[in-house]
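Report on the structure given below.
The values are calculated or read from the model by the stated rules, or taken from the named source; none is laboratory data. Small disclaimer: the values here were computed from a predicted structure and weren't measured. Virtual Cβ from ideal backbone geometry, glycine too; neighbours counted across all protein chains shown. Ligands, DNA and RNA are stripped out before the accessible areas are found, and what is left, the full protein with its side chains, is counted by its heavy atoms. Shrake-Rupley method; radii C 1.70, N 1.55, O 1.52, S 1.80 Å.
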Amino acid sequence: MNFKEYIRDVQDFPKQGIVFKDITPLLNNAEILEKTADALLNLVKEQKIDKVVGMESRGFFFATLLATKLKAGFVPVRKKGKLPFNVLSKPYSLEYGEDALEIHTDAIKKGDKVLIHDDVLATGGTAKAVCELIEELGGEVVQCNFLIELDFLNGKDKIANYNVASLLHY
């Protein structure tokens, strides 16, 4: 299945020089959406997963589907100030700026086996910050799972100590 046919390039978004990978055409097609979720699930193989962590905001789409299929809990990681309860916060860098991510302090229990999912692995700053948040809460990162990996940005290098799997490579 060529999922790349359903990914649209948007030039100069969110700023000049960035080529944004728009996944909305893929999300808009029910058959392709289901096949994509199954393909992402196949990347996990037979690993035991207690929680699936999805990163704001496009990571939420497939993270919730994966959590359902894995019979695991879903944990949202959001940008600073978006979660309503006690949070652990971690600053991070991304390809076009700086930000901070937060997770509820009671979302991950010591020893939880955690699958991290996001739509795109670019520079790796977001994924690294999320791995650190999970470990600070006592969880074990089993795998970092991505719909798209932008190989030319070498984001995988920042999370080289983790098992990384991506469905599509650019």
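Observations, loosely collected:
- Whether the chain is rounded, prolate or oblate, judged on the alpha carbon gyration tensor where a/c under 1.5 counts as rounded: oblate
- Normalised by 2.2 N^0.38 Å, where N counts its residues, the alpha-carbon radius of gyration of segment 91-150 equals 1.12.
- Förster radius 45 Å - calculated FRET efficiency between PHE20 and THR105, Cβ distance, rounded to 0.05: 0.85
- Sorting 75-85, 116-126 by their mean Cβ neighbour count within 10 Å, with the most densely packed peptide first, gives 116-126, 75-85.
- Across segment 24-39, rounded Karplus estimates of 3J(HN,Hα) from the backbone phi angles (6.51 cos²θ - 1.76 cosθ + 1.60, θ = phi - 60°) give 4, x, 5, 5, 7, 10, 4, 5, 5, 4, 5, 5, 5, 4, 5, 5 Hz, Gly and Pro being marked x.
- Across segment 1-89, the convex hull enclosing all Cα atoms gives 136 Å³ per residue.
- By the rule of a C-alpha distance below 16 Å, with chain neighbours fewer than 8 residues away ignored, the lysines paired with LYS51 are LYS69, LYS71, LYS109, LYS110, LYS113.
- Accessible surface, the chain, averaged per residue in Å² (probe 1.4 Å): 50
- The packing ranking of peptides 127-140, 49-62, 24-37, 153-166, highest mean first, is 49-62, 127-140, 153-166, 24-37, where packing means the average number of other beta carbon atoms within 10 angstrom of each residue.
- The calculated 222 nm mean residue ellipticity attributable to helices in the chain amounts to -7500 deg cm²/dmol, summing -39500 (n - 2.57) over DSSP H runs of n ≥ 4 and dividing by all residues.
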